[in-house]
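These notes concern the structure reproduced below.
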Amino acid sequence: MPDDLYDRDIFAWSQHQADLLRRMARGERVNEVDWQHVVEEIEDVGISELNAVRSHLRLMLAHLLKVHCWPDSPSVGHWRGEIVSFRADAAQRFAPSMRRRINLARLYRTAREQVQAATYDEREPLPSPDSCPFNLDQLLNEPRQALEAALAGTRKS
């Protein structure tokens, strides 16, 4: 295989490397494994999955905040559907080892900044909590209605 295959055709490279690793697993001696890139790609798979979970959680938080900040908007039904979808995607891809690498406070701050900068139906957002009112387990496991209720419970009278 050409030395620059990794840069030219990552798919062909990955197929070739997988074949070499399978041959090694069967006990065959193989000298062509591109160990540096194999290690990087294995690390990248985990980071990619972690980033996907973070993204789903941030989007879920943003949509929960939209429902909270514009409860009478005609878009609420759409936002609720998105919340359910993002929660399902985050829960499906979440692995316990990711827990310590997910900074929920940072994700919430980013989602809140996004929502606070927006207007819907020509209205500014209602106030939202300064800090995240949820923990990770709630976001991954609680139904949308429970999350909305918890967020509504933070509303100042």
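Here, each number is a calculation from the coordinates, and none is a lab measurement. As the structure is a prediction and not an experimental result, all values here were calculated from the model. Heads up, the Cβs are rebuilt from the backbone with ideal geometry, glycines too, and the neighbour counts pull from every protein chain shown.
Subtracting the Cα-Cα distance of Asp7 and Ala117 from their residue separation scaled by 0.36 nm leaves 35.6 nm. Take 140-147, 18-25 and order them by the average number of nearby Cβ atoms within 10 Å per residue, most first; the result is 140-147, 18-25. When each full DSSP H helix of the chain is screened for a Cα extent of at least 30 Å along its own axis and an average Kyte-Doolittle hydropathy of at least -1.0, the helices passing are 35-69.
Magnitude of the charge dipole for the stretch 48-152, about its Cα centre and with charges confined to Cβ atoms of Lys, Arg (+1) and Asp, Glu (-1), is about 520 debye.
Set the Förster distance to 41 Å, then compute FRET efficiency between Ser75 and Asn103 from the Cβ-Cβ distance, nearest 0.05. That pair, Ser75 with Asn103, gives E of 0.90.
Each stretch of four or more DSSP H residues adds -39500 (n - 2.57); spread over every residue of the chain, this sum gives -21000 deg cm²/dmol at 222 nm. Distance between the 7 Å Cα→Cβ label points at Ala146 and Asp130: 2.8 nm. Loop-located GluC sites (Glu not before Pro) in the stretch 99-157 (DSSP state other than H, G, I, E, B) with a sparse environment of at most 11 neighbouring Cβ atoms within 10 Å: Glu122. Computed with the Debye formula from one identical point scatterer per Cα of the chain, without solvent, the log10 of I(q)/I(0) at q = 0.13 Å⁻¹ comes to -0.69. For the stretch 1-108, GluC sites (Glu not before Pro) are listed when DSSP marks them as loop and at most 13 other Cβ atoms sit within 10 Å of their Cβ; the list is Glu28, Glu32.
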